[in-house]
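Below you'll find the structure I mean.
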Amino acid sequence: MSKSIKKIGVMTSGGDAPGMNAAIRAVVRTCAYHGIDCIGIYRGYQGMIEADFKPMSARSVNNIINKGGTILKSARSDEFRTKEGRRKAYDNLLDYDIDALVLIGGDGTFTGGMIFNQEYKFPVIGIPGTIDNDIYGTRFTLGYDTALNTVVEAIDKIRDTASSHSRLFFVEVMGRDAGDIALNAGVGAGAEEILIPEEDMGLDRLLESLQRSRKSGKSSSIVVVAEGDRTGENVFELANYVEENLPKYEVRVSVLGHMQRGGAPSCYDRVLASRMGVKSVESLLEGKSNYMVGVADDQMILTPLDQAVKGHSEIDAELLRVSDIMTT
Ligand code: F6P
């Protein structure tokens, strides 16, 4: 184990995700387990610039494993994009004798960490925390499993009213420019159609599919639309187009929005967060830096940060085929 690391800073950055608190807890407790100090950095890089720090003990992370959001808050920081801002952050870390950082967030977080490491050779390890599941180097990101369950539960509720009124619902889900949430939650909720940015279904095919559903006796339908999908300009324009061309259908739209980011993390996300927290601290203590912790074939792996940032996670082709067959 590296003797040079005596104090580790931990922060959360970017869009929050269920499981971030479980990851913070695991980082703090792994530091305590190895007899090193841990400093909580509030509000991501902006808090690093403002020295918004707080010592974290094993007890200071009691009762947070089951809480959504992040006790360390998150914020976007334009100042950290400047050399002066990063210099201020670096000086603060030195003032507080912080030797390394665990960064919990998405690709934007890791890009900042990579630049910081290049400029100051400061040891950093990333933990992928975003509901989008769009980061290369891990099969699952923290928060994704919880978001899937939140979306499936919401669509099940929408299906009740859709079938009561024989309506067609367009349900928009998050994912930024990735279709993982839409595809997996769509299959899980039995959606009649799923529109994702990775596949351009086209308006004509959508109409044909909905007409086929109706002819087969389906009086109501659910179409899950990833927010990054571009079949239509936006989900409302798409709904209007379908209503105009399928006059028999009464169409409604439901945008799930930020509720997908909240809620108590699922057991899977809590366990994944705990595993990633341990791996991140022990990798730093082994002298490793500039990596992102990930999970592949249920094993903890390390991916160089520059690959994690530049790489693209692929949509699951087999699941795409399953979703096609399920619309029969
Ligand atoms: O990256 C997570 C995410 O929830 C995306 O799915 C979504 O597009 C984006 O954040 C929303 O960002 P904001 O919280 O800044 O509105």
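What 222 nm value per residue comes from the helices of the chain, counting each DSSP H run with n ≥ 4 as -39,500 (n - 2.57) and dividing by all residues, nearest 500 deg cm²/dmol?
On the way: 11 runs with 136 residues, N = 328.
Helix contribution divided over all residues of the chain: -13000 deg cm²/dmol.
Give the accessible area for residue 258 in Å² (nearest 10); use a 1.4 Å probe, count only protein heavy atoms, and leave out ligands, DNA and RNA.
Probe radius 1.4 Å; accessible area of residue 258 about 130 Å².
List, in the order given, every pair from 67/310; 157/310; 83/279; 157/248; 121/310; 67/121 whose Cα-Cα distance in the structure shown is over 28 Å.
67/310; 157/310; 83/279; 67/121
Compute the normalised compactness of the chain: alpha-carbon radius of gyration over 2.2 N^0.38 Å, N being the residue count.
Numbers: Rg = 21.9 Å, N = 328, 2.2 N^0.38 = 19.9 Å.
Normalised by 2.2 N^0.38 Å, the Cα Rg of the chain equals 1.10.
Could you tell me how many degrees, from 0 to 90 and to the nearest 10, lie between the Cα long axis of helix 107-120 and the main elongation axis, the longest principal axis, of the Cα atoms of the chain?
20 degrees
Would you kindly enumerate the cysteines in the chain that have no other Cys beta-carbon under 4.7 Å from their beta-carbon?
Within the chain, the cysteines lacking a partner Cβ under 4.7 Å are 267.
Now for a separate question. With every protein chain kept in place and ligands, DNA and RNA left out, what is the accessible area per residue of the chain? Probe 1.4 Å, answer in Å².
44 Å²
Label-point separation (nm) for residue 216 and residue 244, each offset 7 Å from Cα along Cα-to-Cβ?
2.8 nm
Cα atoms only: what Rg and Dmax, in Å, come out for the stretch 114-194?
17.5, 61
Report, to the nearest 10°, how far helix 20-33 tilts away from the longest principal axis of the Cα atoms in the chain, using its own Cα long axis and a range of 0 to 90°.
Relative to the chain, helix 20-33 is tipped by roughly 30 degrees.
While we're on this one: Give me a comma-separated list of calculated 3J(HN,Hα) values for the stretch 136-150, in order, Karplus coefficients 6.51, -1.76, 1.60 applied at θ = phi - 60°, integers in Hz, x for any Gly or Pro.
5, x, 8, 5, 9, 9, 5, x, 5, 4, 5, 4, 4, 5, 4
Right, another one. On C-alpha positions alone, give me the angle between the axis of helix 267-285 and the longest principal axis of the chain, in degrees, nearest 10.
30 degrees
Please give the solvent-accessible surface of residue 42 in Å², to the nearest 10, using a probe radius of 1.4 Å with every protein chain present.
About 50 Å², ignoring ligands and nucleic acids.
Specify the inter-centroid distance of the stretch 180-247 and the stretch 62-134, based on alpha-carbon positions, in whole Å.
Each part's Cα centre sits 38 Å from the other's.
Subtract the Cα-Cα distance of residue 33 and residue 200 from 0.36 nm times their separation in residues, and report this length gain in nm to one decimal.
55.1 nm
Also, I was wondering about something else. Which net charge results for the neighbourhood of residue 130, defined as the other residues with beta-carbon distances under 10 angstrom from its beta-carbon, given Lys and Arg at +1 and Asp and Glu at -1? Could the numbers behind the result be given before it?
Values: positive: 176, 261; negative: 16, 107, 132, 134.
My count for the surroundings of residue 130 gives -2.
Kirkwood Rh over Cα pairs of the stretch 243-328 into Stokes-Einstein at 37 °C, 0.692 mPa s: D in µm²/s?
Here the translational diffusion coefficient equals 189 µm²/s.
Here's another thing I want to ask about it. For the chain, what % of the accessible area comes from carbon and sulfur atoms, probe 1.4 Å?
Reported share for carbon and sulfur atoms: 49 percent.
Largest first, how would 125, 115, 315 line up by accessible area (1.4 Å probe)? Let's see the in-between values first.
On the way: 125 0, 115 55, 315 35 Å².
These residues rank, largest area first, as 115, 315, 125.
Over all alpha-carbon pairs of the stretch 19-126, lay out the pair-distance distribution in 5 Å bins, whole %, shortest bin first.
Calculated over all Cα pairs of the stretch 19-126, the distribution is 2, 12, 23, 26, 20, 12, 4, 1 percent.
Let me know the whole percent of all Cα-Cα pairs from the stretch 144-261 that are separated by more than 23 Å.
20 percent
The values are calculated or read from the model by the stated rules, or taken from the named source; none is laboratory data. Here the structure is a predicted model, which means the values were calculated and not measured. Because the Cβ atoms are built from the backbone with ideal geometry, glycine has one as well, and the counts that use them run over all protein chains shown. For accessibility, only protein heavy atoms count, side chains too; no ligands or nucleic acids. Shrake-Rupley method; radii C 1.70, N 1.55, O 1.52, S 1.80 Å.
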